[in-house]
Amino acid sequence: MSQSAPDLSHHLSKEARERLPNPMKDIWRRVVSSGRLDVANMANGDPHYSLFPFKQLVFEVPSVTEAQDPVAEWRAGTCPTQSFRSYKDEDCALSLRNAFQYTHGAGLPQCQKVLKDLTDFFFAPPNHTVTLTLGNSDGITKLFRLLGDSGDYFLTDEFSFPGMTNAPLSCGIKWVGIKMDAGGIIPEEMEKILKNWDETKGRRPHVLYIVPVGQNPTGSTLSLERRQKIYCMAQKWDLLILEDDPYYFLQYDLPPAEKIPEVEGTYSQRFAKHLIPTILSLDVDGRVLRVDSFSKILAPGMRLGWITSNKLFHKKLVTYTDSGTQHPHGFGQAFITEMLGEKGWHLDGLCRWLQSLRLDYKRRRDFLLEMFRREVEPTGYATVNIPQGGMFVWMEVHFERHPHYRPGLRDATSSAVAPRTNIETLLLALFEKCMENDVVVMPSSIFSIPEDSMWIGNDNQHVPIRDRTKFFRATFAGTEENIEKGMVRFGRTLKDFFEQPMTVNL
Ligand SMILES: Cc1ncc(COP(=O)(O)O)c(C=O)c1O
């Protein structure tokens, strides 16, 4: 954040402005920051650590420096292991006495510190603070509450992740979908919406929620050029950007870190060099709130992640957390602090794991694409994108070739957003056929943001999203056996659906 960073407090919701801090936590913070050592603490109902029924945690993990390809060797059961430990009564990076006590909503200082160091290393944001979360779902939904009032409009990709976008609907927040292409959100389309916004009908959107790498569901990754344009627009239109980026480290088609001879430095420096810059790293105003998670790079059950934001939002987030979920769980924080500490993998070791993990997912992606080419493409009824990151492919079905495809359904009195084809009906019929044939793929209609003529206007050239919802999302996160089985069944289902239309119930 620059010295002259703008005041962004007008973005806070009524709830965020009115919510009182937990006064007991304030007193506790005062004691901690005073640095006094001999304090008779009779303030809180904190169970004494001698009553915690464990004295050490031993984490046995892959030895990432001994293995050539740690993920492949780990899966094959041939990877050497190493251990690190957390203790209650001996020296370690984060004592179990603290890890399992009531503590600060932003996370334990030791864990916060290793995550801040990691954030500084990869994203180098000026003047940002780290707040621990229970993963990105927790982080994002807290941010929605922090920034949204009933009647507000938020911007997002026109196909977005309903696990997140459904959350604020019941609080009266409405979504505006921005048109996308294979590269994700089209910045010019976002500008059009903001420029033409009729403020007599509602406050102009002030929040943009995006997933910039391996977008869920389309698998698209925003180029650096688009990121820069989007950030400039955020400055121009006073937007905050919620950068939900759980797939950041799963970027494919980058050079392997150990095969970049011209670059000197540590393994982590070489690994980081080719990753696309985050939107947070472009942030000079403090208007990017970035949300990271360990779910996709370690395990979803960690339920641990972190928000990187400017101090104003950090403070408000802590207020929510102190009287809500409270700090994230001790096991996760102990593990992360030891893992990133001197006796653990350290940052270099984590990068070795990430490098190997991304190669593993790249192999899975390539295997799915190969199966698609073998089983689905020859039907001529579907095509697929090649995602540069994440866990999903976006398969487009050519419903125009279906014998029951009906164009021209709209009459002159219909609004610009009313569908003029029966593509949505065909999509759902094909989805049911897939389910009958034991293959589960996600229909794009569950991800599409409903359009409103309020921001589309009366543009007759506009193709309604309901006529463009002709995709299925499939993941390559599973085993090769599962991927092959799924693609064989999807290909056969498509063939039956298009070539035996009498069996289709429309
Ligand atoms: C875009 C996106 N955001 C958030 C999440 C949830 O992440 P977490 O497990 O950290 O809550 C997912 C999980 O699939 C996701 O795809």
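Every number here is computed from the coordinates shown, using simple stated rules; none is lab data. All of these numbers come straight from a predicted model, not from anything done at the bench. Here the Cβ positions follow ideal geometry from the backbone for every residue, glycine too, while neighbour counts run over all protein chains shown.
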Report task. Could you tell me whether the range 144-299 comes out rounded, prolate or oblate from its Cα gyration tensor? Rule is a ≥ b ≥ c as square roots of the eigenvalues, rounded for a/c under 1.5, then prolate if a/b exceeds b/c, otherwise oblate. Result -> prolate
Query raised in the report: If each of residue 269 and residue 39 carries a label point 7 Å out from its Cα toward its Cβ, how far apart are those two points in nm?
Result: 4.1
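Using only alpha carbon pairs under 8 Å that are at least six residues apart, calculate the relative contact order of the range 375-420 and give it in whole percent. Spell out each step's value before the answer.
On the way: 30 pairs, mean separation 11.4, N = 46.
Here the relative contact order equals 25 percent.
Pairs of Cα atoms under 8 Å, at least six residues apart: use those to get the relative contact order of the chain, whole percent. Each step should come with its number before you reach the end.
Working: 882 pairs, mean separation 93.4, N = 506.
Across the chain, relative contact order equals 18 percent.
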Report summary line: Out of 96, 397, 419 - ranked by how far each Cα lies towards the positive end of the dipole of the chain, with unit charges on the beta-carbon of charged residues - the top one is 96
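Which of 399, 431 has the fewest other C-beta atoms within 10 Å, and how do the rest follow up to the most? Write out the running numbers ahead of the final one.
On the way: 399 24, 431 19.
Placing the least packed residue first, the sequence is 431, 399.
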**Report entry** Shape parameters for the chain, alpha-carbon atoms, Rg then Dmax in Å
**Finding:** 24.8, 83
Requested in this report: Considering only DSSP beta bridges where both residues belong to the chain, give the percentage that are antiparallel (nearest 5).
Outcome: 65
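Mind checking the dipole of the range 286-407: about its Cα centre, +1 per Lys or Arg Cβ, -1 per Asp or Glu Cβ, Debye to the nearest 20? Mind showing how you got there, number by number?
On the way: 18 positive and 12 negative charges, 61 e Å.
For the range 286-407, the charge dipole is close to 300 debye.
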Query raised in the report: Between the range 447-469 and the range 1-73, what is the C-alpha centre distance in whole Å?
Result: 44
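Give the relative contact order (percent, whole number) for the range 175-264; include only Cα pairs under 8 Å separated by 6+ residues.
Numbers: 78 pairs, mean separation 25.9, N = 90.
It comes to 29 percent, rounded to a whole number.
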**Report entry** Residue-span extension gain [residue 253 to residue 374] - 0.36 nm each, minus C-alpha spacing
**Finding:** 41.4 nm
Report task. Mind putting a number on the dipole of the range 1-76 about its Cα centre? Charges go on the C-beta only, +1 for Lys and Arg and -1 for Asp and Glu, and I need it in Debye to the nearest 20. Result -> 480
**Report entry** Among 228, 482, 165 the positive-end extreme of the charge dipole of the chain (Cβ point charges)
**Finding:** 165
Report task. Give the shape of the range 365-421 as rounded, prolate or oblate, defined through the alpha-carbon gyration tensor: a ≥ b ≥ c are the square roots of its eigenvalues, a/c under 1.5 means rounded, and otherwise the shape is prolate if a/b is larger than b/c and oblate if not. Result -> oblate
Query raised in the report: Fewest to most neighbouring Cβ within 10 Å: what's the order for 386, 449, 178?
Result: 386, 449, 178
Requested in this report: Report the extension gain between residue 49 and residue 496 in nm, rounded to one decimal, defined as 0.36 nm multiplied by the number of residues separating them, less their alpha carbon distance.
Outcome: 154.5 nm
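Rounded to the nearest 0.05, what FRET efficiency is calculated for residue 141 and residue 223 with R0 set to 30 Å and r the Cβ-Cβ distance?
Details: r = 28 Å, r/R0 = 0.95.
Rounded to the nearest 0.05, the efficiency is 0.60.
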Query raised in the report: Measuring from label point to label point, each 7 Å out along Cα→Cβ, what is the residue 32 to residue 91 span in nm?
Result: 2.3
Requested in this report: Read phi for every residue in the range 33-38 and hand back ³J(HN,Hα) as whole Hz from Karplus 6.51 cos²θ - 1.76 cosθ + 1.60, θ = phi - 60°, with x for Gly and Pro.
Outcome: 6, 5, x, 5, 9, 9
Query raised in the report: What spacing in nm lies between the two simple spin-label points modelled at residue 196 and residue 485, each 7 Å away from Cα in the Cβ direction?
Result: 4.8
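Compute the length gained on full extension between residue 404 and residue 436: take 0.36 nm times their separation in residues and subtract their Cα-Cα distance, giving the result in nm to one decimal. Write out the running numbers ahead of the final one.
Working: separation 32, 0.36 × 32 = 11.52 nm, distance 2.00 nm.
Taking 0.36 nm per residue and subtracting the Cα distance, the gain is 9.5 nm.
Shape verdict for the range 308-399, please, from the Cα gyration tensor: rounded (a/c under 1.5), prolate (a/b greater than b/c) or oblate. Please list the in-between numbers first.
On the way: a/c = 3.74, a/b = 1.86, b/c = 2.02.
Here the range 308-399 falls in the oblate category.
Based on Cβ point charges of +1 for Lys and Arg and -1 for Asp and Glu, what charge dipole magnitude is obtained for the range 318-470 about its Cα centre, in debye rounded to the nearest 20?
Details: 17 positive and 20 negative charges, 83 e Å.
Result for the range 318-470 is approximately 400 debye, rounded to the nearest 20.
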Report task. Pick out, from 291, 144, 74, the residue whose Cα sits farthest towards the positive end of the charge dipole of the chain, with +1 on the Cβ of Lys and Arg and -1 on the Cβ of Asp and Glu. Result -> 144
